[in-house]
1. Looking only at region B:204-221, how many residues end up being within 37 Å of the chain's Cα centre (by Cα) and more than 26 Å from B:L111 (Cα to Cα)?
2. Against the condition touching a residue at least 60 places away in the same chain (Cβ under 8 Å) and facing another protein chain (nearest Cβ under 7 Å), how does B:Y227 come out, does it pass?
3. Please go through region A:305-329 and give me each residue that is crowded, with 19+ Cβ neighbours inside 10 Å and more than 43 Å from the chain's Cα centre (by Cα), ordered by number.
4. Among the candidates B:L301, B:L291, which residue alone is facing chain A (nearest Cβ under 9 Å) and not polar (S, T, N, Q)?
5. Mind checking which pairs have a first residue in region B:282-296 that is part of a helix (DSSP H, G or I) and a second that is small (G, A, S), Cβ under 9 Å, 6 or more apart or different chains?
6. Condition first: in the same structural domain as B:R302 (by TED's automatic domain parsing), within 19 Å of B:G285 (Cβ to Cβ) and not hydrophobic (A, V, I, L, M, F, W, C). Can you find one or more residues in region B:400-421 that meet it?
7. I need the full set of residues from region B:71-87 which are surrounded by fewer than 21 Cβ atoms within 10 Å (Cβ to Cβ) and not aliphatic (A, V, I, L, M), in order please.
8. Can you tell me which residues in region A:223-239 are farther than 21 Å from A:H118 by Cα, of a type outside the set (D, E, K, R) and out of contact with any Asp or Glu (no Cβ under 6 Å at 6 or more places or on another chain)?
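The values are calculated or read from the model by the stated rules, or taken from the named source; none is laboratory data. All values reported here derive from a predicted model rather than from experimental measurement. When we count neighbours, we look across all protein chains shown, and the Cβ atoms used for this are built from the backbone with ideal geometry, even at glycine.
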There are 2 protein chains.
Amino acid sequence: MSHPAAEPLFATSVDAARLKPYEISSALLEDIQNALEAGDSDTVNNLLIGVHSADKAELLNLLSEDDRVELAAMLADGFDATILPELSPDAAEDVIEGLGVDRSVEVLQQLETDDAVHIIDELSDDSREDIMQAIPAALRGELEEGLAYPEKSAGRMMTKKLVCVPEFWTVGDTIDYLRAHTDLPENFYVVYVVDARFHPIGRITLGSVLQHQRSVKINQISNTETYRVLTDTDQEEVAYLFTKYGLVEAPVTNASGRLVGTITVDDVVHVIHEEEGEDYLRAGGVSEQDLQASLIETIRLRFPWLFINLLTAVLASVVIGMYSETIEKLVALAVLMPIVASMGGNAGIQSVTVAVRALATKQLKDANAMAVIRKELLIGFFNGLLLATVMAVGAWAWYHDAQLALIFGAATIIALTMAGISGAVIPIVLSKLKIDPAVSSGIFLTTITDVVGFLSFLGLAAWWLG
Amino acid sequence: MSHPAAEPLFATSVDAARLKPYEISSALLEDIQNALEAGDSDTVNNLLIGVHSADKAELLNLLSEDDRVELAAMLADGFDATILPELSPDAAEDVIEGLGVDRSVEVLQQLETDDAVHIIDELSDDSREDIMQAIPAALRGELEEGLAYPEKSAGRMMTKKLVCVPEFWTVGDTIDYLRAHTDLPENFYVVYVVDARFHPIGRITLGSVLQHQRSVKINQISNTETYRVLTDTDQEEVAYLFTKYGLVEAPVTNASGRLVGTITVDDVVHVIHEEEGEDYLRAGGVSEQDLQASLIETIRLRFPWLFINLLTAVLASVVIGMYSETIEKLVALAVLMPIVASMGGNAGIQSVTVAVRALATKQLKDANAMAVIRKELLIGFFNGLLLATVMAVGAWAWYHDAQLALIFGAATIIALTMAGISGAVIPIVLSKLKIDPAVSSGIFLTTITDVVGFLSFLGLAAWWLG
């Protein structure tokens, strides 16, 4: 049985299929699982020859807890440190168990501080304590410093490895300095210029260093236009800054203005991915831990959301209960009423989705909030009018009751108009109240559209049936 | 009235507020609108002193069509080309109208080809034709070449400006070459190494060029491990590659393997942002044009989704209609039935959300599909059991009818179990059928949860009432 090796390096022959990212196939997964069961570490090692560390991490994420521990133990000797940052928190826990404390500490020391901090932060309390105690004091101090920054802050994202030079240097000094230091970060794009207090006062791209003569003064070619980030700036804010202003890197300073790290655009890619994923999951009523959680844990994580939804469903059914007598007189109302509520809900979700996205991308702000609400109201009204026409004709064809059809149509117009207004107003108000509109808008919206849908239809019917 | 200038460059005094991205405030927007109405171009220009081009673009996006045309005309003389790529398609159209064809062509020539292609591609047919005819023949050829790549492909994302050297050069040759060419791209991170056929065979970071002695051969220090992208690779695939393997740049080759461009991670940031935003919007039943479309256009864009939803709502109500007689006997059924359907829908949305996200991030694949489906089934069943208990007790307390309460609970368990299975199966099947699960899963799911919810509850009730 053969498996494709990881991506070809620079292929000289052109083969489109080989340009596709390597995938952990079902066949490979099964072979690994069988070899693990048989305790056959030679086969495991052979199967993983040439597999990229990101793909090994993917494989570990797919395995069961026991298999992860065993695989990590088998790979322990030559364990590639760059696998660790790609693991889910649960998988990292298992892998560290498989590697053992001593080997884990060795592997963690090979990582950049920010990656090591991220991994250690997500471990269980017991594992974290074990690891921290086994780590050499100097590195422990650095990690503790990293852990002291707020979660999801620039301090956590930044790397402390950066290149900076004093303003009075020349291009030649800078090049000599770079040549003399072999432990520079692998990927760095800019050299920061700092003053005597270590405050960043400019930056020069490496391209620009290369393009100028040795005698040129650094402060003549340094670019002083950039955005600076504080260690406790939220990662979402950092991502927004990079995206909006097309930044490639930004210096990070502490509260007193001292340069303490740098964030590069490749760190931001992960943050955007994570933040947008979280918004998506939360809008669907699940937490970001859901994908990796165990069965029992997932049930526990999802239940509260369902329970809140139950309360709003009960509220809607109380509204229906108020009109029990009306429904008894005309059972067609029970048949048609979910349509009104459902159409209101769907139209409202459209409005909410647009408003939440526009808030997240800062396209919706105080300056145009009223215009957006008015637009959503009109969209709700006109789409309500269109749908009401179709629906009234349908209801008339079904029940041959012109008045029922009219009430059905009128309720639809009311429901969709209210859905449009609510769909815009709810996220705006939540965001003013500093409540994440991506999480909570849907539940408020559905409550309103259900109540309005049932109330308008059944209320009009009750008034008409007298 | 004073407005903050755009971000301070390198601030030497620390001021947390100034580190926040600049926002176009309601006050500034209003002042600009008033000045535009008065035709007062001096005030407009004063208000915009020091404002970053990305913020000017944001301002233009917020303005009405007429205001955009007028503002662009006022700014035409010193118009900053980098505003254009940040504009919404509609705003770009208006700005180009305001600048006039000749000035627009001058501005477009200042942009990188990929940015110019992107803008021209989104113009209306008339404007595009006008612009293309006025563009000098050489650039027109380049733009047409760019437009020939499929939309959202690597060919559209890449920049053709790159630095490459033959494999037999030394570090010294490379540095001399870089010094001699002043028109190099502003941000470049790597030098590609090409063979005689212009195929990429390696790359060197600028840091590495700087760190080696002039006499070192390029092919001794070049890194041959990289991923290559074809011009017609989809941008989503490119983003996945960059994110998974932590790439900073990738060479782009045509079908015959020739190096034609390069993609850097900052291009990928925009793609991730765009793609994730689109998924989010589509899941909510709106298209990515929705945010920028006019009222009439938005009504037209949203109606089809509502109409499809109407059909599924009608299907659910047909199920209810089948049990009209049962409801007539016991109107409590009409009161309680929306709760069962709604709880099934909410639980199903949780499952769908997780499955769609896991598919998008390739955490859900053939290798673990069955495990995911089984997990969702069990989550549905157990959360169904928990909720059913609460709900049955509630129904009993409300109606004092033990059998009704039992049926209500049993239907809830059926509805949530089916919701769990469907929530996992629907996205998996859709993705096998190459239908975007982010768009269509919700509608299939709601159809199933509504029908199953009403059918299980009313069906059990009909059987019991006999």
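1. 4
2. Answer is no for this residue.
3. A:Y323, A:T326, A:I327
4. Working: B:L301 fails: facing chain A (nearest Cβ under 9 Å).
Checking each option against the conditions leaves just B:L291.
5. So the pair list comes out as B:R282/B:A438; B:R282/B:S440; B:A283/A:A283; B:A283/A:G284; B:A283/B:A438; B:A283/B:S441; B:A283/B:G442.
6. There is no residue in region B:400-421 that is in the same structural domain as B:R302 (by TED's automatic domain parsing), within 19 Å of B:G285 (Cβ to Cβ) and not hydrophobic (A, V, I, L, M, F, W, C).
7. Passing the criteria: B:D77, B:G78, B:D80, B:T82, B:P85.
8. Passing the criteria: A:N223, A:T224, A:T226.
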